[in-house]
Amino acid sequence: MRLGVHISGVSKLSQAFEAARQLGANTLQIFSRNPQRWRQGRLPAQEIEEFRREQQRTKISPVFIHVPYLINLASPDIKLYKASIAAYIEDILEADSLGADYIVTHMGSHKQTSEEEGLKRLIEALNIIIEKTQETNVGILLENTAGSGSWLGYKFIHQKIILEAIKQKKRVALCLDTAHAYLAGYDLATKAGLKSTLDEIESLVGLEMIKLIHLNDAKDKLGSHHDRHDHIGKGEIGRQAMKRIVTCPQFKKCAFILETPKDSEDADKMNLATVRKFLK
């Protein structure tokens, strides 16, 4: 099983691998830059070289990079929309230089426009991005959302519409966030609810499209659309259901990344230990 966490709090990107190794992780996710700001400059060549060297030393893979929160590929604001496309292209090229395997992205917010218009803008943006980065092998993973505000991706028909409209499909796949799905109304807390969710994904896009599971419990109620994560087994999804997800045969080939709260020094270690117990 490929199991890891989102690594934060390191002063250099290359240090993420040692942090993950000390947790016993064999995969990881990072932000390659400040997720709350636009790019301030490019990574120095030495830091890129160190990142690649540490990846080789630790043999941790696959490597996932989450795009910053400011990027909105569905925005009706033309200035933000163009800036988001340009930043996304830069992030993919940087991910490629680092040797990362995938970029993970939320699907954007349509703001005061319609979901249909937002999806159209997102598709156009992705087609531009893929065309401009076709020399790279970096995959793009569309992450489902909790559906707060005007965010797209809270129901899997959105992913189906996007995947069908992408011109070059081979680099695009899915990330399934368990907390987001539950908060959007998919009842992963029950055996029947998990089956129903898997059946829907299979019928719309195919379960083989899921390359990454963001394994998170949910702090809020089913269908609340409040995007808050909780520790594994301590939220509304619960321990038994989280074990059912981790041991689900359909997810056997997926990597699992935890984005659980880091409210104590040992939080990641505790959550990883819980998941490992599920496998015994």
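In this structure, does L98 turn out to be aliphatic (A, V, I, L, M) and modelled with pLDDT under 95? It is false that L98 is aliphatic (A, V, I, L, M) and modelled with pLDDT under 95.
Under 8 Å between Cβ atoms, at least 6 apart or on separate chains: pull out the pairs that start in region 27-42 with a residue that is free of Cβ contacts under 8 Å to residues at least 12 places away in the same chain and closer than 23 Å to R2 by Cβ and end on any residue that is part of a loop (DSSP other than H, G, I, E, B) and among the acidic types (D, E). Matching pairs, first to second residue: none at all.
Looking for whichever is surrounded by fewer than 14 Cβ atoms within 10 Å (Cβ to Cβ), under 20 Å from the mean Cα position of the chain (by Cα) and modelled with pLDDT of 95 or more here; the options are E200, E208. Which one fits? I'd like the intermediate steps shown before the answer.
Numbers: E200 fails: surrounded by fewer than 14 Cβ atoms within 10 Å (Cβ to Cβ).
Result: E208 is the single residue among E200, E208 that is surrounded by fewer than 14 Cβ atoms within 10 Å (Cβ to Cβ), under 20 Å from the mean Cα position of the chain (by Cα) and modelled with pLDDT of 95 or more.
Scanning region 193-227 for residues that are touching a Pro at 6+ places or on another chain (Cβ under 9 Å) and over 20 Å from L3 (Cβ atoms) yields a total of 1. Considered as a group, the residues in region 1-46 that are charged (D, E, K, R) and within 29 Å of N72 (Cβ to Cβ) include one that is surrounded by the fewest Cβ atoms within 10 Å (Cβ to Cβ), and that residue is R37. Restricting attention to region 229-248, and to residues there that are free of Cβ contacts under 8 Å to residues at least 40 places away in the same chain and in a loop (DSSP other than H, G, I, E, B), which single residue is surrounded by the most Cβ atoms within 10 Å (Cβ to Cβ)? Result: K234. Of the residues that make up region 236-251, is at least one at pLDDT 95 or above and more than 19 Å from A189 (Cα to Cα)? No, because not a single residue in region 236-251 is at pLDDT 95 or above and more than 19 Å from A189 (Cα to Cα).
Conditions (1) over 17 Å from the mean Cα position of the chain (by Cα); (2) under 17 Å from D227 (Cβ atoms); (3) at pLDDT 95 or above; (4) of a type in the set (S, T, N, Q), marked per residue:
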{"residue": "I162", "(1), (2), (3), (4)": "no, no, yes, no"}
{"residue": "I166", "(1), (2), (3), (4)": "yes, no, yes, no"}
{"residue": "K169", "(1), (2), (3), (4)": "yes, no, no, no"}
{"residue": "C175", "(1), (2), (3), (4)": "no, yes, yes, no"}
{"residue": "T190", "(1), (2), (3), (4)": "yes, no, yes, yes"}
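Screening Y186 against (1) in a loop (DSSP other than H, G, I, E, B); (2) in contact (Cβ under 8 Å) with a residue 24 or more places away in the chain leaves a single unmet condition, (2). Taken over region 33-63, the criterion of being of a type in the set (G, A, S) and closer than 16 Å to E18 by Cβ is satisfied by S61 alone. Of all residues in region 254-275, those being surrounded by 12 or more Cβ atoms within 10 Å (Cβ to Cβ) and either polar (S, T, N, Q) or part of a loop (DSSP other than H, G, I, E, B) (or both) number 7.
The values are calculated or read from the model by the stated rules, or taken from the named source; none is laboratory data. Model, not experiment: these values are computed from the prediction. Glycine also receives a Cβ, built like all others from the backbone with ideal geometry; neighbour counts cover every protein chain displayed.
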